[in-house]
Amino acid sequence: MTRRVPRYLRYRRPADPQPEPAPEPAPEPAAAYTPYGAPPELVSLPPSAEQPAAAEAAAPVRSGFPSTYFIVLAMVVVALIGGGAYFRAANGPVEVETPTGVLSVTAGAIEEQLAEKRALYTDAIKADDLASVGLDDTAFNRTAVVAFGYLLTDLVIAAGFGVDRDTAVEYAETAADYERLLLAGEPLGDDVEITFSDDRAFVYDGETGKGGYVDPSEQG
């Protein structure tokens, strides 16, 4: 028995002839670049009759120096004015209330102001005139005035080394606190001990207000 083979298996249509591939075009030569990789169209070309030189073709550029100069000058002037205002605000006088009135305190004047306050009371005790500063002439008040003078001397010496405004205000307020206690007949709150020689010293108890000139060798 003969097996029949389907026609489409016995006979195949020959493949259509394929055209030969066209030859690939030759690669174009690499474009020239500047040493820093700029594309060719950005490379400057030498001037020619058809293409004017860049220096001739470019429009002249005007310098902005005058306007920049005036702007910078204005900024400097504003800074100086603002800085001066800040300096005056940071270093100007500060009013401090004292028992004898308002004291205008500055860093440059505080040493003289404290010395004047000290002299006001020490001159009164030297003249035996404590009434001139509103005090009764008693041993307690005389001792307190002497102690007050020594406490202010410490502040005067400290101010003489140079202080800023805040420290000057602190010294003025400290002196004002001492003065309020003195005029109120109360102890000044700080002890004082000044030794002049082996047999002479001044002591003051800031808690009780007691003290005076003593012989250190006799103190137990």
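Round to the nearest 0.05 the FRET efficiency obtained for residue 207 and residue 106 when R0 = 22 Å and r is the Cβ-Cβ distance.
E(calc), rounded to 0.05, equals 0.05.
Counting only other residues whose beta carbon sits under 9 Å from that of residue 129, what net charge do I get with K and R as +1, D and E as -1?
Within the 9 Å Cβ shell, the charges total -2.
Considering only protein heavy atoms, with the full assembly of protein chains and a 1.4 angstrom probe, order 197, 132 by accessible area, largest first.
132, 197
Between residue 128 and residue 71, what is the spin-label point distance in nm, taking each point 7 Å from the Cα along the Cα→C-beta axis?
My value for the distance between the label points is 8.0 nm.
Near residue 218, within a Cβ-to-Cβ distance under 13 Å, what is the net charge of the other residues, with Lys and Arg +1 and Asp and Glu -1?
Net of charged neighbours comes to -2.
Local charge sum around residue 209 (other residues, Cβ-Cβ under 12 Å, Lys/Arg +1, Asp/Glu -1)?
Value of the local net charge: -3.
Suppose accessible area is computed on protein heavy atoms with a 1.4 Å probe; arrange 195, 167 from highest to lowest.
The ordering from most to least exposed comes out as 195, 167.
Could you give each residue of the range 198-206 its phi-based ³J(HN,Hα) in whole Hz, using Karplus coefficients 6.51, -1.76, 1.60 with θ = phi - 60°, and x for Gly or Pro?
Each residue's phi maps through the Karplus curve to give 5, 10, 8, 7, 10, 10, 8, 9, x Hz.
The values are calculated or read from the model by the stated rules, or taken from the named source; none is laboratory data. Treat the numbers as computed from the prediction; the structure is a model and nothing was measured. Using ideal geometry, Cβ is built from the backbone for each residue, glycine included, and neighbour counts are taken over all protein chains shown. When the accessible area is computed, the model is the full protein with side chains, heavy atoms only, and any ligands, DNA or RNA have been set aside. Shrake-Rupley method; radii C 1.70, N 1.55, O 1.52, S 1.80 Å.
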